[in-house]
Amino acid sequence: MPRALVPFLLAVAIALGLLAAPAAQSASPDLVISQLFAGGGNSGAPYANDFVELFNRGSTSVDISSWSLQYASAGGTSWQATALSGAVQPGKYYLVQLFSAAAIGSSLPTPDASGTTNLAVSGGKVALVRGTSPLTCGASAGSCSADASVADLIGYGTAVDYEGGAAAPAISNTLAELRAGAGCTDTDDNSSDFSTATPTPRNSASQAASCGSQPPPSESASQNAAVDIDIQSALSIALERSSVSFGNHAAGETPASVSEHVTVVSNNDAGYALSVHRSAFSPADLPLGISGSAPSGGQIGPALAGGAIAPIPIAPAPDLLVGTKSSKSGAAGDVWATSLGFASPLPVVPAGHYTATVTFTVIGQ
C-alpha cells in the first residue's frame, strides 16, 4: 500500500428510539393505593422501612396538600394519620415512607412524604383520606368505604374491613401488596385488585405509567427512501512538534531527550505500521536516536523494546520500525510516546549550527 497520507475521516451514525407506554387497564380519574409493604427492617426484609405507594390513574393532577394516609390495626377503629403534601401528576407515583424496625434492608427511594406509623405484617387497614381528621370506621366490612372522605382503602391479611368481598392476601417480611396493572386496575375489590410480590417502591421521580387507552391511528401515508454513503479509507499522522531543538552542547556530552509524540489516525481494521528515518546532519553527522512506547493495543518495534534509544537510519537506508498495531486507531487517534535523543555522546566536530530532518511514515497493513 502506498505511503500517501489521507487526513480526512468521516463517521456517520443513525439512531432511532421508540418508547412504549404500558398496556391500558380499567381506569377512572382517581388516586389509589398502588403498593403496601409492612416488613420494613424485619428479619430478611429487602427494605428498612414500611411504605405505602400512591398512584394517579387519572388524566389530571390531584392536589393532596390537605389529605392524609391513615392506618388502623386489623380489627381496630383507632387510626394513625400521616400528612401528605403537594400534588400527584397524571400517571405518577407518590411514596410514603413509614416505620423502620431495624437497619435491615436497603433504603427506600427518596420518599415524597414520611411518617412513623408501624404497619402490621399480619394484617391491617390503610386508607387514603381527603382530610386529616382520624377515621372512626373499620370494625366491619364496608364501614370505611361508606365514608365519603375515604378516597381509597385496602384491608389486607386478617383485616375485618376492606373493599369488595374479601381482604387482599396476606403478606410477609419479604412480600408486598401490589395493585394490578402497575396501579391502574381498580374493581373496588381488594382480593382481586391486589396480589403479593417482591416490593418495588416507586416515587414521584419514577417513570410515569399510562392507564388510558391509546387513540386510534390517524390516516397516514409513507414512502421509503434508500440512503447510502461510501466511507473512504483514512490514514493520517500528526507530530507533537514541527521542530526540535536541543540547545547548546559541547562535544562529549549527551543531550537530554526531547519528546516528539506521534498521533496516528487510521480506520483500517487490519491496522498499520509506524516507521522513521532521517537525513544526515549538516555540516557533519551526529548520532541522533529515538526511544518510545506503544499506545494501548500497539506493539513497540524490537529496536525500541525496554526503553532503548535506537539510532535513526539515514535515507535511503530502510526505515526503523517504531511499532505496529493490528487494529484501527481509537477515535481520537493512537499516541505513540516517542522522544528524540542521541544514541551516544556528541562526537568532536567543528563548532557550528547542525541541522537534519526526521521523517515519520505510517503505512496501512
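If you go through the stretch 227-239 one residue at a time, do you hit one that is of a type in the set (S, T, N, Q), in contact with a Leu (Cβ under 9 Å, 6 or more places away or on another chain) and under 30 Å from SER339 (Cβ atoms)? Scanning the stretch 227-239 turns up at least one residue that is of a type in the set (S, T, N, Q), in contact with a Leu (Cβ under 9 Å, 6 or more places away or on another chain) and under 30 Å from SER339 (Cβ atoms). In this structure, is VAL335 assigned to a loop (DSSP other than H, G, I, E, B) and of a type in the set (Val, Ile, Thr)? Judged against the criteria, VAL335 is not a match.
Filtered by the rule that a residue be touching a residue at least 40 places away in the same chain (Cβ under 8 Å) and not charged (D, E, K, R), the stretch 319-330 gives LEU320, LEU321, VAL322, GLY323, THR324, SER326, SER327, SER329. Residues considered: GLY352, GLY289, GLY330. Of these, the only one that is in the same structural domain as ALA256 (by TED's automatic domain parsing) and on the phi > 0 side of the Ramachandran plot is GLY352. Here the condition is being in contact with a Phe, Trp or Tyr (Cβ under 8 Å, 6 or more places away or on another chain) and within 25 Å of LEU95 (Cβ to Cβ); of PRO201, PRO255, it holds for PRO201 alone.
Just wondering, is there one or more residues in the stretch 213-232 that are crowded, with 18+ Cβ neighbours inside 10 Å and either touching a residue at least 40 places away in the same chain (Cβ under 8 Å) or under 36 Å from the mean Cα position of the chain (by Cα) (or both)? For the stretch 213-232, residues crowded, with 18+ Cβ neighbours inside 10 Å and either touching a residue at least 40 places away in the same chain (Cβ under 8 Å) or under 36 Å from the mean Cα position of the chain (by Cα) (or both): absent. Looking only at residues of the stretch 344-365 that are assigned to a loop (DSSP other than H, G, I, E, B) and aliphatic (A, V, I, L, M), we find that the one that is surrounded by the fewest Cβ atoms within 10 Å (Cβ to Cβ) is ALA351. Here is the figure for the stretch 159-188: residues that are over 27 Å from ALA103 (Cα atoms) and surrounded by fewer than 17 Cβ atoms within 10 Å (Cβ to Cβ) total 5.
Of THR263, THR254, all but one fail to be surrounded by 10 or more Cβ atoms within 10 Å (Cβ to Cβ), in contact with a strand residue (DSSP E or B) (Cβ under 9 Å, 6 or more places away or on another chain), assigned by TED's automatic domain parsing to the domain that holds SER293 and not in a strand (DSSP E or B); the exception is THR254. Would you be able to say whether some residue in the stretch 145-154 is closer than 21 Å to GLN70 by Cβ, among the acidic types (Asp, Glu), in contact (Cβ under 8 Å) with a residue 40 or more places away in the chain and assigned to a strand (DSSP E or B)? Checked against the condition, which is being closer than 21 Å to GLN70 by Cβ, among the acidic types (Asp, Glu), in contact (Cβ under 8 Å) with a residue 40 or more places away in the chain and assigned to a strand (DSSP E or B), the stretch 145-154 yields at least one hit. The requirement of being modelled with pLDDT of 95 or more, within 24 Å of GLY364 (Cα to Cα) and among the acidic types (Asp, Glu) is fulfilled somewhere in the stretch 258-280, by at least one residue.
Consider the stretch 282-305 and keep the residues that are part of a strand (DSSP E or B) and touching a residue at least 40 places away in the same chain (Cβ under 8 Å). The one that is nearest to the chain's Cα centre (by Cα) is SER293.
Okay, residues lined up against (1) part of a loop (DSSP other than H, G, I, E, B); (2) among the hydroxyl-bearing types (Ser, Thr, Tyr); (3) at pLDDT 95 or above:
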site: LEU135; (1), (2), (3): yes, no, yes
site: ASP161; (1), (2), (3): yes, no, yes
site: SER172; (1), (2), (3): yes, yes, yes
site: ASN203; (1), (2), (3): yes, no, yes
site: CYS211; (1), (2), (3): yes, no, no
site: SER222; (1), (2), (3): yes, yes, no
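Of all the listed residues (SER191, SER133, SER195, SER143), the sole one being touching a Cys at 6+ places or on another chain (Cβ under 9 Å) and either surrounded by fewer than 20 Cβ atoms within 10 Å (Cβ to Cβ) or in the same structural domain as LEU98 (by TED's automatic domain parsing) (or both) is SER143. Among the residues of the stretch 146-158, the ones that are surrounded by 18 or more Cβ atoms within 10 Å (Cβ to Cβ) and of a type outside the set (Phe, Trp, Tyr) come to 7 in all. Within the group ASP285, ASP269, which residue is surrounded by 15 or more Cβ atoms within 10 Å (Cβ to Cβ) and of a type outside the set (S, T, N, Q)? None of the others qualify; the one that does is ASP285.
Within the stretch 113-152, being small (Gly, Ala, Ser) and in contact with a Leu (Cβ under 7 Å, 6 or more places away or on another chain) holds for ALA113, GLY115, ALA127, SER145, ALA151.
The values are calculated or read from the model by the stated rules, or taken from the named source; none is laboratory data. Not measured: the values here are computed from a predicted model. All Cβ positions, even for glycine, are placed from backbone atoms using ideal geometry, and neighbour counts span all protein chains on display.
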